[in-house]
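**Student:** Dropping a structure here in C-alpha cells format, bear with me for questions.
The values are calculated or read from the model by the stated rules, or taken from the named source; none is laboratory data. Please read these numbers as outputs of a predicted model, since none were measured by experiment. Backbone-built Cβ (ideal geometry, glycine too); neighbour counts: all protein chains shown. Quick note on the areas: whole protein, heavy atoms, side chains included, nothing else; ligands and nucleic acids left out. Shrake-Rupley method; radii C 1.70, N 1.55, O 1.52, S 1.80 Å.
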Amino acid sequence: MAIASPSAPSFSASICCTRTDLTPARSLRFPPIQTRLQSRQFTFSCRSSGPSSNESEGDLQYELQHGVSTDHRRCGSLVFVTLPLDTLNIPEGTMKRKKAMVQSFRALAAAGVEGVVMEVWWGLVESELPRVYNWEGYLEIVELAKRCGLKVRVEMAFHQYGTGPDDPFWIPLPQWVRDEIEKNPDLAYSDRFGRQNMEYISLGCDVLPVLHGRSPIQAYTEFMRSFRDTFIPFFGGVITGIQVGMGPSGELRYPSCSLQNRTLRSRELGEFQCHDKYMLASLNACAGEIGMHEWASLSQSHEGSEFFKSDGSWNSPYGEFFLAWYSGMLLLHGERICREAESIFRGLEVNLSGKVAGIHWHYGTESHPSELTAGYYNTSIRDGLLPIARLFGRYGFSMCCTCFEMRDAEAQQVNPDSSPESFVKQLSLAARLCDIPLQGENCASSLDDGSFQHVLRMSRFYSNGPATPTFSFNFVRMDKTLFEYRNWVSFTRFVRQMSDAKFFRPNLGFGDGDMPFLSLSASSTGGVVLA
C-alpha cells in the first residue's frame with residue numbers, strides 16, 4: 001500500500017495513543033523508536049562427545065522397540081509433533097481414525113518425541129452459538145496422549161484455516177462470528193483496495209462489544225477460561241504448554257499476505273491492513289494528538305513500492321509516525337491477550353507462549369517491506385523483534401517462530417533479498433537478550449536430512465551459551481508420510497540428536513563455520529500408517 005508523505009516539519013515519532021480499555025494497572029504506551037542493535041554474529045562449532053556410532057545405533061533401536069529412556073526424555077531440546085488438521089470429525093467434534101491415532105502416538109513415544117501439539121479451533125469448539133463449547137474430541141486426544149506417555153501442547157486457534165469451503169481442510173471462524181461480520185464488514189481487516197480478510201477479526205475492535213455484546217478480547221478470554229475449567233485435571237502432568245493465538249496462523253501479525261496469494265509470499269511486499277473504520281479511527285486520533293491531522297489520510301495510489309525504496313517515506317518523519325502507530329497497535333493487541341491468558345492460567349503448571357511469523361523474503365533490503373506490512377517495525381536501522389520479545393517476557397511467555405529449516409541459499413534462488421537465516425538469528429538473539437525460552441517450527445510439510453541438520457544448527461545458535469533458557473521444536477506436521485521408512489529414519493535420528501544434551505560440546509566462536517553432526521541410523525517401527 002502506498003502511503004502519502006505530506007510535507008511537514010521534522011517530527012520525532014514517539015507515539016502514545018489514548019487507550020480504549022480501562023486497565024490502569026499496566027502502562028500500554030507504544031514503544032519508542034529505537035536504533036537497531038549492533039549485529040553480533042555467533043558461530044557454534046560442535047564435536048561429538050557421545051558414544052560410538054555403533055553404540056548409539058544400538059541404543060536407538062532398543063528405544064524404538066521398548067520405549068525411550070528417561071535420560072533422553074529429560075535433557076536437551078524437546079521435540080513435539082503437530083497433529084493433522086483433520087484430527088476431528090466435523091461437525092460432530094469427535095476424534096477420527098482412533099486405531100491409527102493410537103499406533104501413531106505409540107510410535108512417537110517410542111521415538112523419543114516429548115509430546116504432540118493440539119490445535120484447538122475456535123471455529124469448531126464454539127461453532128454455532130456464543131458461549132456453547134464442545135470439547136469432546138479434544139478430551140479424547142488428551143486422554144490418548146496420557147495413556148501413551150506423551151505431553152500435550154495446546155494452540156488456541158482463534159483464526160481461520162484454508163481459503164474457503166472448497167478447501168479440504170477448511171476451518172472457518174465460528175458461524176455466529178461470520179454472521180456478525182456480514183452485518184458489519186468493518187470487523188474484518190481491509191486493505192487500500194477494500195479487499196476484506198476473514199482470517200482473523202480486526203484488532204481495531206479488540207475492546208468494543210461487537211460480538212453479541214462481547215468484545216473479541218472477551219470472547220477469547222471466555223474461551224480460554226472454559227478450556228481451563230474443562231481440562232484442569234490434565235495440567236502439569238499431560239498439558240504442559242499453551243500457545244495463545246494472536247492473529248492469522250496464530251501469529252502476532254496482520255494478514256498482510258492473503259491466503260489466496262500464499263504461493264507468492266516469497267516475493268510479496270504485502271498490504272497494510274488498516275482500512276476498516278476502527279483502525280482508521282485510531283489512526284485519526286493518534287494523528288490529532290500530535291497536531292498532524294493530515295497524517296491520518298492514506299493515499300490510494302496503485303503501487304506501494306515507492307514508500308519502501310531506500311529514499312522512500314518509510315524513513316521520513318511521517319513514515320516513522322505511521323509505522324510506530326501500526327506496529328504499536330499490534331503490540332497493544334498482543335499485550336491485551338497476554339495479560340488475559342496470564343491471569344487465566346496463573347498458578348497452573350503450564351508454559352504460555354506466543355508465535356511470531358518468519359517473514360524473511362525482503363530481509364536483505366533497507367526497509368524490510370514485508371515485515372513492515374505484517375506489523376513488525378523491523379528495518380536496517382531499527383530492531384522491531386526485540387519489542388515483541390520484551391512483551392512476551394513481561395508475561396512469562398515463550399516465543400515461537402517458524403522457518404527454522406529454511407536456508408538462505410535455497411530461498412535466494414526465488415528471491416535474492418530473502419534471508420530466513422538472518423531473521424531467525426535476529427529473533428533468537430532477541431529471545432536470548434530477554435531471557436525467554438524459544439520454540440522453533442518448520443514451514444515445509446516434510447523435511448529431508450539436510451533440513452533437519454539445519455534445524456539443529458539454528459537451534460544451537462540460540463541454545464549454546466551460559467544460563468540459556470530452553471529451546472524446543474514443534475515438527476509440523478504428523479501425516480502418513482512421516483511414518484514411511486526413509487522419513488521415519490531421518491525423523492528419529494533428528495529427535496535423538498535434539499534430545500541428547502551431551503551429544504554436542506559447544507564451542508563459541510565468531511565468523512563463519514559449519515557444524516558437523518554425528519550420523520545415527522534408526523529402524524522403522526514397521527507398519528505404522530496414519531490413514
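**Student:** Name the residues in segment 80-122 that are among the small types (Gly, Ala, Ser) and assigned to a helix (DSSP H, G or I), would you?
**Tutor:** Answer for segment 80-122, where residues must be among the small types (Gly, Ala, Ser) and assigned to a helix (DSSP H, G or I): 100, 104, 107, 109, 110.
**Student:** Same structure, new question: Within segment 164-216, track down each residue that is open to solvent by 50 Å² or more (accessible area, probe 1.4 Å) and basic (Lys, Arg).
**Tutor:** Those that are open to solvent by 50 Å² or more (accessible area, probe 1.4 Å) and basic (Lys, Arg): 178, 183, 195.
**Student:** Out of all the residues in segment 292-300, is one or more of a type in the set (Ser, Thr, Tyr), open to solvent by 20 Å² or more (accessible area, probe 1.4 Å) and modelled with pLDDT of 90 or more?
**Tutor:** No, because not a single residue in segment 292-300 is of a type in the set (Ser, Thr, Tyr), open to solvent by 20 Å² or more (accessible area, probe 1.4 Å) and modelled with pLDDT of 90 or more.
**Student:** Out of 287, 324, I need the residue that is among the small types (Gly, Ala, Ser), part of a helix (DSSP H, G or I) and either touching a residue at least 60 places away in the same chain (Cβ under 8 Å) or open to solvent by 50 Å² or more (accessible area, probe 1.4 Å) (or both). Which one?
**Tutor:** Selected residue: 324, the only one of 287, 324 that is among the small types (Gly, Ala, Ser), part of a helix (DSSP H, G or I) and either touching a residue at least 60 places away in the same chain (Cβ under 8 Å) or open to solvent by 50 Å² or more (accessible area, probe 1.4 Å) (or both).
**Student:** If you scan segment 208-248, which residues turn out to be on the phi > 0 side of the Ramachandran plot and either at pLDDT below 95 or among the aliphatic types (A, V, I, L, M) (or both)?
**Tutor:** 236
**Student:** Does residue 492 satisfy being polar (S, T, N, Q) and buried (at least 24 other Cβ atoms within 10 Å of the Cβ)?
**Tutor:** yes
**Student:** Return the total of residues in segment 203-220 being part of a helix (DSSP H, G or I) and in contact (Cβ under 8 Å) with a residue 60 or more places away in the chain.
**Tutor:** Residues that pass the stated criteria total 6.
**Student:** When only residues in segment 332-388 that are open to solvent by less than 10 Å² (accessible area, probe 1.4 Å) and on the phi > 0 side of the Ramachandran plot count, which is farthest from the chain's Cα centre (by Cα)?
**Tutor:** Top of the filtered list is 368.
**Student:** I need a count of the residues in segment 97-111 that are charged (D, E, K, R) and under 26 Å from the mean Cα position of the chain (by Cα).
**Tutor:** Looking only at that region, the number is 0.
**Student:** Restricting to segment 431-450, and then to whatever is open to solvent by less than 40 Å² (accessible area, probe 1.4 Å) and either more than 18 Å from the chain's Cα centre (by Cα) or among the polar types (S, T, N, Q) (or both), can you tell me which residue is modelled with the lowest pLDDT?
**Tutor:** Taking the candidates together, the pick is 447.
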